[in-house]
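Read the structure below first, then the notes.
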Amino acid sequence: MILPLSLAALAMTAIVGVRYLLVSGGFALATGRRHPGLYAGRRKQILREIGWSLASAAIYGVPAGVVAWGWRARGWTLIYADVHARPLWWLPLSVLIYLLAHDTWFYWTHRWMHRPAVFARVHAVHHASRPPTAWAAMSFAPIEALSGALVVPALVFLVPIHVAGLSAVLAIMTLMGVTNHMGWEMFPRSLVHGPVGRWVITASHHERHHRDYRCNYGLYFRHWDRLCGTDTGLGRFAHEPRGQGGDGRRAGAGAAAGGGPGGAGGPLDRRA
């Protein structure tokens, strides 16, 4: 049992690592074509992001590999392969449940990571990228990586999901993780500033978190930020002229202090 589990963990680690390199690399290439020079002078930062991300791939890969082996060899989990095993309407609903559950976990653990006693040990690695690039999607310290790596493996024991639905969840998780960090907005302004953008997070929303720190903690959706008063609106990218980007809302206190780690509103601000 130990040998097949180990092989499954190694295989999944390789899959997660290759997926990261392909997706982040693809969007980094797109960034170079869409905004030439945006990542200029950041070679050292990018190499650091890749190093931490590949280390995180192992942390994500091990529990995923164990669960995948358990599902195939022992019938663990509530993953099902026969699309007719449950009503068809359950397939999209289960995807939404997974995204909402993951988003909830991410929001509250993310806020916890910004507490002064926690930030330096758990979350500072991710925020060392200022501003982040497409390579920063998995640039986490081990504890932060572990907190994210356990969510979906835990959910498959609690909420039934078809393999296609699970694949959709993982694809959305990967794409949003990369595109929300790449330093520009790929979605049209009508979507970002329209009804969808008021509830769904894109790069413009997460960019402000990396600038101001103590705001915009969500992963996929904005409802927790709105309910808890931590949504400060959309940010403006460094390459955009003043007057473009953002949504006209006042930046959080972190922006007024330069958004630095020790400034008001920064990650070491002692306000709850």
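FYI, it's all coordinate maths here, none of it is from the lab. Model, not experiment: these values are computed from the prediction. Cβ sites come from the backbone with ideal geometry, for glycine too, and all protein chains shown count toward neighbours.
Given charges of +1 on the Cβ of Lys and Arg and -1 on the Cβ of Asp and Glu, with all other atoms neutral, how large is the dipole of region 2-184 about its Cα centre, in debye to the nearest 20?
Dipole of region 2-184, to the nearest 20 debye: 520 debye.
Compute the helix-to-body angle for 163-179: its Cα long axis versus the longest principal axis of the chain, expressed 0 to 90° and rounded to tens.
Compared with the principal axis, the helix lies near 20 degrees.
Under a 10 Å cutoff between Cα atoms, tell me which one of Ser190, Ser129, Ser167 has the largest fluctuation in the Gaussian network model of the chain.
Of Ser190, Ser129, Ser167, the Gaussian network model singles out Ser190 as fluctuating most.
Using only Cα atoms, what is the ratio of the radius of gyration of region 34-106 to 2.2 N^0.38 Å?
Dividing the Cα radius of gyration by 2.2 N^0.38 Å gives 1.69.
Can you list residues from other chains, or at least 5 along the same chain, whose modelled amide H is less than 5 Å from the amide H of Phe221?
When sequence neighbours closer than 5 places are left aside, the close amide H contacts are Ile201.
Translational D (Stokes-Einstein, µm²/s) of region 2-184 at 10 °C and 1.306 mPa s when Rh comes from the Kirkwood sum over C-alpha pairs?
It diffuses with D of about 91 µm²/s by this estimate.
Amide H of Ile79: which non-local residues (sequence gap of 5 or more, or other chain) have their own amide H closer than 5 Å, using H built in the peptide plane?
Excluding prolines and chain starts, which carry no amide H, the hits are Ile161.
Tell me, Glu185, Glu49 in order of fewest to most beta-carbon neighbours within 10 Å?
Result, fewest neighbours first: Glu185, Glu49.
Please list 3J(HN,Hα) in residue order for region 216-230, calculated via the Karplus relation 6.51 cos²θ - 1.76 cosθ + 1.60 where θ = phi - 60°; whole Hz, with x for glycine and proline.
Along region 216-230, the couplings run 6, 8, x, 10, 10, 10, 9, 5, 5, 4, 5, 5, 9, x, 10 Hz.
Using Cβ contacts closer than 10 Å as the measure, can you line up Arg130, Arg48, Arg211 from fewest to most?
If I rank by nearby Cβ atoms, fewest first, I get Arg130, Arg48, Arg211.
Apply the Karplus parameterisation 6.51 cos²θ - 1.76 cosθ + 1.60, with θ equal to phi minus 60°, to every residue of region 183-194 and state each ³J(HN,Hα) to the nearest whole Hz, in sequence, with x for glycine and proline.
Working through the residues one at a time gives x, 7, 9, 8, 8, x, 4, 5, 7, 4, 9, x Hz.
Which whole-angstrom value gives the distance between the alpha carbon centres of region 164-184 and region 85-149?
So the separation of the two Cα centres works out to 12 Å.
For n ≥ 4 DSSP H runs only, could you compute -39500 (n - 2.57) per run for the chain, divide by its residues and tell me the 222 nm figure to the nearest 500?
On the way: 12 runs with 148 residues, N = 272.
The helix contribution divided over the chain gives -17000 deg cm²/dmol.
Could you tell me what fraction of 2.2 N^0.38 Å the Cα radius of gyration of region 1-74 comes to, as a two-decimal ratio?
1.43
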